[in-house]
Amino acid sequence: MGNENLLDDFTEYIENLCRKHVLIKHSAEKKHFVRLDNDELLQEGKANIYYPVVTMEKLTVSYTSQPDNFRKSRHVELMFLDHIRDAGDFNNIENVWTKMEAVAEDFIKKIRVDKRNLPFLKSLVMDNAELDYVENIKAHLWGVLLSFDINLPFDNCLDPDRFE
């Protein structure tokens, strides 16, 4: 992982966490991680997704200005979902919510530990992370949505070769 594209580094990092987590167990053969905005399996309608699944749901960028400083921030949303056959099994739904919340918290803890050793994570802000319960009754999916921001470096100097 290099510094040339922090978003690619971060996406690869999250995918690796999905490989290493004992409940998720993502692999090339059994896909438990999906980046929803560019996953070719989803775009082709051939999704072979295994549960539980972690999805990278939303990647928006905002630019804020402070005196003599322009900041770039990327908002990230990760969903931790599991499938339940019976939408009326409320005990099972509650168990899935509890389990997915625990997995999301495992990711938060691991990211906080890894911030010390991985340069591209140093700008990650977890102080304002938010966790919401989610459900998609038609798809029989329940879980949690973890939202947080990554503050990115923004070079305020214009490269004169960028305009003719």
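Each value in this text was obtained by applying a stated rule to the coordinates, not by laboratory testing. A quick note: this is a predicted structure, and the numbers were derived from the prediction, not measured. As a convention, Cβ positions derive from the backbone with ideal geometry for all residues, glycine included, and neighbour counts pool all protein chains shown.
Counting only Cβ charges, +1 for Lys and Arg and -1 for Asp and Glu, the dipole size of region 114-164 around its Cα centre is about 280 debye.
Computed over the chain, the range of Cα coordinates on each principal axis works out to 60, 35, 28 Å, biggest value leading. With neighbour counts taken as other beta-carbon atoms within 10 Å, the residues Tyr50, Tyr63 rank, fewest first, as Tyr63, Tyr50.
Compared with the alpha-carbon gap, the fully stretched path from Asn156 to His140 is longer by 1.1 nm at 0.36 nm per residue. Here, region 58-111 has an Rg and a Dmax of 17.8, 56 Å when only alpha carbons are counted. Each of Thr98 and Glu29 was given a label point 7 Å from its Cα along the Cα-to-Cβ line. The distance between the two points is 3.3 nm.
A Stokes-Einstein calculation at 25 °C with viscosity 0.890 mPa s, built on the Kirkwood radius of region 80-164 over Cα pairs, returns a diffusion coefficient of 158 µm²/s. With neighbours defined as other Cβ atoms within 10 Å of a residue's Cβ, the residues Leu141, Leu36 order from fewest to most as Leu36, Leu141.
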